[in-house]
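Notes follow the structure.
The values are calculated or read from the model by the stated rules, or taken from the named source; none is laboratory data. Worth saying up front: this structure is predicted, and the values here are computed from it rather than measured. For neighbour counting, all protein chains shown are included, and Cβ atoms are generated from backbone atoms with ideal geometry for every residue, glycine included. Keep in mind that these areas ignore ligands, DNA and RNA; they rest on the heavy atoms of the full protein, side chains included. Shrake-Rupley method; radii C 1.70, N 1.55, O 1.52, S 1.80 Å.
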Amino acid sequence: MTYRRPKAGDDGVDGGGIRTFPFPVELAVGGVGMQVGPMGEDRPWHAGAPVHRVHRIDFHVVMLFTAGPVRHMIDFAEYEATADDLLWIRPGQVHRFSRTSEYRGTVLTMQPGFLPRATVESTGLYRYDLPPLLHPAPAQLAALRAALEQLRREYQDTATLPLSLHTAVLRHTLTALLLRLAHLAASPAEASRQQTDTTFTLFRDAVEQGFAANHSVSAYADALGYSRRTLVRAVRAATGGTPKGFIDRRVTLEAKRLLAHTDTPIGRVGAAVGFPDAANFSKFFQLHTGRTPAAFRAELR
């Protein structure tokens, strides 16, 4: 199992930014929007990615480890996984593989568009607030292993069903696994709470697509066809915060990624997250982090 191989000479950074690796559809069995298989020294499932450099992926990766420790960086945090732990990396997150750890176990990759929206919502595929490192209890681990093994068997069996039915079975089997993962990732209070607020869902998706150019709560409300008050209520119910705070956190995270992991000039970083004026970007960043962009970058170098 492997990511798409970059062009010769590529160092994982494209044009001063962080290179994004797309899901390698051509490498999936039957060309479906997912892959599942073993990790291991003799199986270069990440051979196409700049393993020791920071990069992004535009798909989901779930790793279930059978050995450890494994150290893996995701969005400025180092996570140490041991045997029986899971690591869930979501689209757009910057991450870096360890230089020294051995990755052993099973890896699942999937395109965001492979599952229908209702499944995406019920499984929390875009719950970036949830922890990427999961520690299942023995009973949970046994159920996850069984679900993952069933998914692997269905993925490899391309002979008993036509492609359309094979794909449908994969989607249903994958959904069952992801529901277990979502339950594991959420706290008991969150797990019991209904995640049916499409207002927040649409807002969150719109921010993810538009935060680099649009920081206006009213503009998002107008584009989505909601009143500002409705949007405020929905975001408060889902996150406990405000729409403006949600937008600002996403902008700040992207700025941190670019400052930490690229050599892009600070003025261009500001422009990339919606601040054509470098002074305004510096004020915004200092307000939300307590440090200037230059100081933040210097601390990480």
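Could you please give the count of residues in segment 271-301 that are under 20 Å from H55 (Cα atoms) and surrounded by 17 or more Cβ atoms within 10 Å (Cβ to Cβ)? Here the count works out to 4.
Name the single residue that is farthest from F284 (Cα to Cα) among those in segment 207-239 being open to solvent by less than 30 Å² (accessible area, probe 1.4 Å) and small (G, A, S). The qualifying residue farthest from F284 (Cα to Cα) is A234. Checking each residue in segment 55-79 for being in a loop (DSSP other than H, G, I, E, B) and surrounded by 20 or more Cβ atoms within 10 Å (Cβ to Cβ) picks out only F59. On the stretch given as segment 80-100, residues that are over 17 Å from L144 (Cβ atoms) and either open to solvent by 60 Å² or more (accessible area, probe 1.4 Å) or over 17 Å from the mean Cα position of the chain (by Cα) (or both) total 5. For segment 246-301, the set of residues classified as farther than 23 Å from N214 by Cβ, in a loop (DSSP other than H, G, I, E, B) and of a type in the set (D, E) consists of D263 only. Just one of the numbered conditions (1) in contact with an Asp or Glu (Cβ under 6 Å, 6 or more places away or on another chain); (2) outside any helix (DSSP H, G or I) is not true of A213: (1).
The single condition among (1) of a type outside the set (S, T, Y); (2) open to solvent by less than 20 Å² (accessible area, probe 1.4 Å); (3) under 23 Å from the mean Cα position of the chain (by Cα); (4) at pLDDT below 95 that V251 does not satisfy is (4). Just one of the listed residues (L202, L259) is at pLDDT below 95 and in contact with a Lys or Arg (Cβ under 7 Å, 6 or more places away or on another chain), namely L259. Taken over segment 221-248, the criterion of being modelled with pLDDT under 90 and of a type in the set (S, T, N, Q) is satisfied by T239 alone. Does segment 231-240 contain any residue that is under 29 Å from L300 (Cα atoms) and of a type in the set (K, R)? No; the residues of segment 231-240 include none that is under 29 Å from L300 (Cα atoms) and of a type in the set (K, R).
Determine if segment 163-172 includes at least one residue that is among the basic types (K, R) and not in a loop (DSSP other than H, G, I, E, B). Within segment 163-172, one or more residues are among the basic types (K, R) and not in a loop (DSSP other than H, G, I, E, B). If you go through segment 107-160 and pick out every residue that is open to solvent by 30 Å² or more (accessible area, probe 1.4 Å) and more than 19 Å from I74 (Cβ to Cβ), you end up with 24. Just one of the listed residues (P44, P38) is at pLDDT 85 or above and over 20 Å from the mean Cα position of the chain (by Cα), namely P38. If you go through segment 91-138 and pick out every residue that is closer than 23 Å to R171 by Cβ and touching a His at 6+ places or on another chain (Cβ under 6 Å), you end up with 1.
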